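The structure under discussion appears below in the form of structure tokens.
The values are calculated or read from the model by the stated rules, or taken from the named source; none is laboratory data. Because the structure is a prediction, the values reported are computed rather than measured. Reconstructed Cβ throughout: ideal geometry from the backbone, glycine too, with neighbour counts over all protein chains shown. SASA here: full protein model, heavy atoms, side chains in, ligands and nucleic acids out. Shrake-Rupley method; radii C 1.70, N 1.55, O 1.52, S 1.80 Å.
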Amino acid sequence: MNALTEQRVVVTVETPAAHVRLVTFRRPEARNAINGAVAQALDQIVRDLEQEPDAWVVVLTGSGGQAFCSGADLKEVARGNLGELWTTEGGFAGFVRACRSKVWIAAVDGFALAGGFEIALACDLIVASADATFGLPEVRRGLIAAAGGLYRLPRSLPRAVAYELIATGERLGAERALALGLINRVVPKDRTLVEALALADIIAGNAPIAVRESLKIARRTFDLDDAALARLSEEGQQRVMRTEDFQEGPRAFIEKRTPRWVGR
């Protein structure tokens with residue numbers, strides 16, 4: 001377990017399974033709101049995990065069971081410290097603009113509001129408890145969701161629904177979020193982390209470079225035209241074909257055994 005600290009640990013990293021890392025917000029008394037210490041810690045953790053060859057999938061969650069993350073710590077905002085909640089490379093919370101090649105899964109218990117929702121939207125997948133709620137209430141406080149919510153939400157929901165949530169600041173429950181395709185799974189509250197880790201384990205059972213290259217292209221779907229995406233696909237395929245895992249996959253199939261991926 002490791003983390004950057006400011007008086008106490010605010011974000012932790014654990015290894016619950018091979019090739020899987022669990023990152024946890026540790027400010028339950030503040031509903032895991034983002035302050036400067038959290039932003040700096042998460043920024044460093046993201047960069048460290050990007051450089052860690054054995055880390056293939058990351059689950060991000062909040063402690064305490066009440067909230068995944070409630071967004072910016074408004075006490076810090078009121079003190080004029082809003083800038084401390086952003087980092088140069090990662091943006092808000094050191095995360096929403098970070099360059100990440102690994103798969104990130106948000107495991108959401110309780111609230112994921114404002115910047116907390118934007119952090120979840122910046123992840124690749126979301127597993128939520130049945131009582132989870134999502135929302136961008138910034139307009140109710142005279143603010144805007146400037147950490148990615150205003151463009152990631154319309155990419156993830158039907159336009160009319162996204163616009164309504166942005167303009168009203170109202171919350172979206174887990175079941176409706178699932179029906180709209182915003183999240184991947186809704187599970188009982190005491191199973192959220194278990195199911196998110198199980199999903200991470202499934203992903204970690206695949207060839208890591210193939211997963212990484214596939215998601216790199218999928219993430220650009222809304223940014224590029226088909227011709228550009230086709231070029232990216234061809235380039236990704238060439239990179240995958242140069243790996244040891246490219247040989248291992250067919251060999252394991254022929255030999256009727258589980259592949260032994262090495263990630264190179």
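Points worth noting:
- Screening Leu74, Leu85 for residues that are open to solvent by less than 10 Å² (accessible area, probe 1.4 Å) and either over 15 Å from the mean Cα position of the chain (by Cα) or not small (Gly, Ala, Ser) (or both) leaves exactly one candidate, Leu85.
- Only one entry of Lys216, Lys189 meets the criterion of being open to solvent by 70 Å² or more (accessible area, probe 1.4 Å), out of contact with any strand residue (DSSP E or B) (no Cβ under 6 Å at 6 or more places or on another chain) and either among the β-branched types (Val, Ile, Thr) or touching a residue at least 60 places away in the same chain (Cβ under 8 Å) (or both), and that entry is Lys216.
- Test: residue in segment 250-257 that is over 24 Å from the mean Cα position of the chain (by Cα), assigned to a helix (DSSP H, G or I) and among the aliphatic types (A, V, I, L, M): yes
- Number of the condition not met by Lys216 [criteria: (1) in contact with a helix residue (DSSP H, G or I) (Cβ under 8 Å, 6 or more places away or on another chain); (2) not in a helix (DSSP H, G or I)]: (2)
- Scan of segment 79-100 for residues that are aromatic (Phe, Trp, Tyr) and in a loop (DSSP other than H, G, I, E, B), ordered by number: Phe95
- Residues in segment 236-253 that are closer than 24 Å to Trp104 by Cβ and either aliphatic (A, V, I, L, M) or open to solvent by 90 Å² or more (accessible area, probe 1.4 Å) (or both): Gln237, Val240.
- So Ala207, is it closer than 30 Å to Gly65 by Cβ, hydrophobic (A, V, I, L, M, F, W, C) and modelled with pLDDT of 90 or more: no
- All positions within segment 192-213 that are polar (S, T, N, Q) and open to solvent by less than 50 Å² (accessible area, probe 1.4 Å): Thr192
- Each residue in segment 42-78 was checked for being over 24 Å from Glu195 (Cβ atoms) and either assigned to a strand (DSSP E or B) or in contact with a Ser or Thr (Cβ under 6 Å, 6 or more places away or on another chain) (or both), and 2 of them qualify.
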